[in-house]
1. Just order 257-270, 125-138, 200-213 by mean Cβ neighbour count inside 10 Å, highest at the front, would you?
2. Taking 7 Å along the Cα-to-C-beta vector as the label spot, tell me the Asp45-Leu257 distance in nanometres, rounded to one decimal.
3. Tell me the volume per residue, in Å³, of the convex hull enclosing the alpha carbons of the chain.
4. Can you tell me the order of 88-98, 284-294 when each peptide is scored by its average per-residue count of other Cβ atoms within 10 angstrom, highest first?
5. For the peptides 155-167, 238-250, what is the packing order when you average, over each peptide's residues, the other Cβ atoms within 10 Å and list the highest mean first?
6. What's the magnitude of the charge dipole for the chain around its Cα centre, counting Lys and Arg as +1 and Asp and Glu as -1 at the beta-carbon? Answer in Debye, nearest 20.
7. With each pseudo-label sitting 7 Å past Cα toward Cβ, what's the Asp66-Ala264 distance in nm, one decimal?
8. Please compute, over every Cα-Cα pair in region 119-208, the percentage with a separation greater than 19 angstrom.
Amino acid sequence: MTSAELTTAPIPSALRIPGPTTPYQGDIARYWDGEARPVNLRLGDVDGLYHHHYGIGEVDTAALGDPDDKESEQKLIAELHRLESAQADVLLGHLGDIGRGDTLVDAGCGRGGSMVMAHQRFGCAVEGVTLSAKQADFANGRAAELGIDDHVRATVCNMLSTPFATGSAAASWNNESSMYVDLDDLFAEHSRVLKVGGRYVTITGCWNPRYGQPSKWVSQINAHFECNIHSRREYLRAMADNRLVPQAVIDLTPDTLPYWELRATSSLVTGIEDAFINSYRDGSFQYVLIAADRV
Ligand SMILES: C[S@@+](CC[C@H](N)C(=O)[O-])C[C@H]1O[C@@H](n2cnc3c(N)ncnc32)[C@H](O)[C@@H]1O
Ligand SMILES: CC(C)=CCC/C(C)=C/COP(=O)(O)OP(=O)(O)O
Ligand SMILES: [Mg+2]
């Protein structure tokens, strides 16, 4: 099947691609099917872009206004959402020159916020995969509401075994979704789907080999999300083994701390804020962007 056929097929609701799944993947599918945290839904309601990733950039204190103002809660939510969309903008800015005729792949697409932003930015087709049927239905519903469902589609599918043709994608990414899979398997699949010269980008949290081993904060984050955070070294090694050559490795840790410090003051806290703040501050955990060329 060509990427053109994939992107022009009628899409009644979330496609479901049966494939090899592990009991762990069943747990992850159930986790995201059941997820409805206000911090994600209320931020998404600001402008209809629903993200499941964190924010970067300086807080605009002027936009927050007076904390005693009755609008202050909504202003804080809008500011957190602005920082999360800014994160996706930075990721998309590393995808390279993407044309309208290109196809992009979002591995672990969540509710599809980054896919919508990618289509709005490049005018191209965007194929996302998630283990969660609820998320795929949500993402496809948003694409239909926006009238872009002929270009943006989420499929229920394992990112380690996708239906996309070999060499069909101009670029692909993982936005905070690589901590759910083995990195060798993941990069082998990206390498297969990407055309030679295509670009792969991830934004992820990783433990810092300079710290030694995963800190208690990293273990707490793993337990909170049922994920398995990899080390920075593991990313670089698995990329090298799978024809992905890093062009940029950017430490976004200082850029994400303001988001967390602001979030910790909001009514939408989930209890995981201190683990992120403490691990970013003690150097055991890093928020990084890696952009790599498929060679
Ligand atoms: C933290 S969310 C990130 C969502 C999205 N990338 C974003 O930035 O909003 C993690 C996502 O990874 C997906 N995921 C985890 N393991 C996966 C797998 N093996 N195959 C496909 N998706 C997976 C989950 O279903 C979920 O959508
Ligand atoms: C950087 C790391 C380690 C991320 C782990 C993956 C993850 C769960 C991301 C955020 O999802 P979310 O937006 O659903 O989480 P929350 O409800 O905390 O905002
Ligand atoms: Mg969130």
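Please treat every number below as a calculation from the coordinates, not as lab data. All values reported here derive from a predicted model rather than from experimental measurement. Glycine also receives a Cβ, built like all others from the backbone with ideal geometry; neighbour counts cover every protein chain displayed.
1. Most protected by this proxy first, the peptides run 125-138, 200-213, 257-270.
2. So the two model labels end up 3.3 nm from each other.
3. Output value, Cα hull per residue: 123 Å³.
4. 284-294, 88-98
5. 155-167, 238-250
6. I would put it at about 800 debye.
7. It is 2.8 nm.
8. Tail fraction, whole percent: 43.
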